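Single-structure report; data block below.
The values are calculated or read from the model by the stated rules, or taken from the named source; none is laboratory data. Given the structure is predicted, the values throughout are model-derived calculations rather than measurements. Every residue, glycine as well, gets a Cβ built from its backbone with ideal geometry; the counts of neighbours run over all protein chains shown.
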């Protein structure tokens, strides 16, 4: 999955979801890679955190190579729930990365380990609580407003994290690639001196909008075959 995502980006995947009418499920703003430039893509392996790492170790028993651990820590800002030992264990289990709705710690060690980890940021204290565990703790993880399960794929890069239903992933990635190819060609032409306004016949758009106020630039892009927004 990471290979399929290699030349793409989360903005392209997001645009593809919009174009296809697929649910657009993005992690809350602020979730980012511990090490800038790290990327992740794979099946979601979900777990809800209750204060102890045992939930993660149990999740690893059902992990498949390339899975991405998706941790629901309710976006808490008072504790870090992932550190170096958990990252090493995830790596040993064959996981492709870890995505946390919360915080991490042991930042230098995580950078050295090299496993992609995404979170809100760093925080020295770990959990001091131990809450009661729910029966379905491994069946799904909340991540912001979204419920993430094994039926989802995770994509992450420097622009954030997205969750896409596995049964829509192939068409989403194909559409993202088509958008990427169009945008790369547009970028090439801008560098060669042909402005985006000229490429998209922007004067024609303004003229048509003057007579038809309901005519949108997105409709115009569809007509002329451009890509800059969805």
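Of note:
- Pair list, Cβ < 8 Å and 6+ apart or interchain, from the stretch 48-69 residues that are within 20 Å of residue 162 (Cβ to Cβ) to residues that are crowded, with 18+ Cβ neighbours inside 10 Å and modelled with pLDDT under 95: 66/1
- Residue in the stretch 172-193 that is surrounded by 17 or more Cβ atoms within 10 Å (Cβ to Cβ), touching a strand residue (DSSP E or B) at 6+ places or on another chain (Cβ under 9 Å) and in contact (Cβ under 8 Å) with a residue 24 or more places away in the chain present: yes
- Tally, over the stretch 57-67, of residues that are out of contact with any strand residue (DSSP E or B) (no Cβ under 6 Å at 6 or more places or on another chain) and either surrounded by 17 or more Cβ atoms within 10 Å (Cβ to Cβ) or within 20 Å of residue 4 (Cα to Cα) (or both): 3
- Test set (1) closer than 20 Å to residue 64 by Cα; (2) surrounded by 14 or more Cβ atoms within 10 Å (Cβ to Cβ) - residue 167 fails condition number: (2)
- Whichever residue in the stretch 108-143 is part of a helix (DSSP H, G or I) and either touching a helix residue (DSSP H, G or I) at 6+ places or on another chain (Cβ under 6 Å) or not assigned by TED's automatic domain parsing to the domain that holds residue 36 (or both) and, among such residues, is farthest from residue 67 (Cα to Cα): 109
- Which numbered condition residue 123 misses (of (1) out of contact with any strand residue (DSSP E or B) (no Cβ under 6 Å at 6 or more places or on another chain); (2) surrounded by fewer than 20 Cβ atoms within 10 Å (Cβ to Cβ); (3) on the phi < 0 side of the Ramachandran plot): (1)
- Residues in the stretch 1-50 that are farther than 21 Å from residue 109 by Cα and assigned to a loop (DSSP other than H, G, I, E, B): 15 in all.
- Failed condition for residue 95, given (1) surrounded by fewer than 23 Cβ atoms within 10 Å (Cβ to Cβ); (2) part of a loop (DSSP other than H, G, I, E, B): (1)
- Residues in the stretch 68-79 that are farther than 20 Å from residue 134 by Cβ and crowded, with 24+ Cβ neighbours inside 10 Å: 68 alone.
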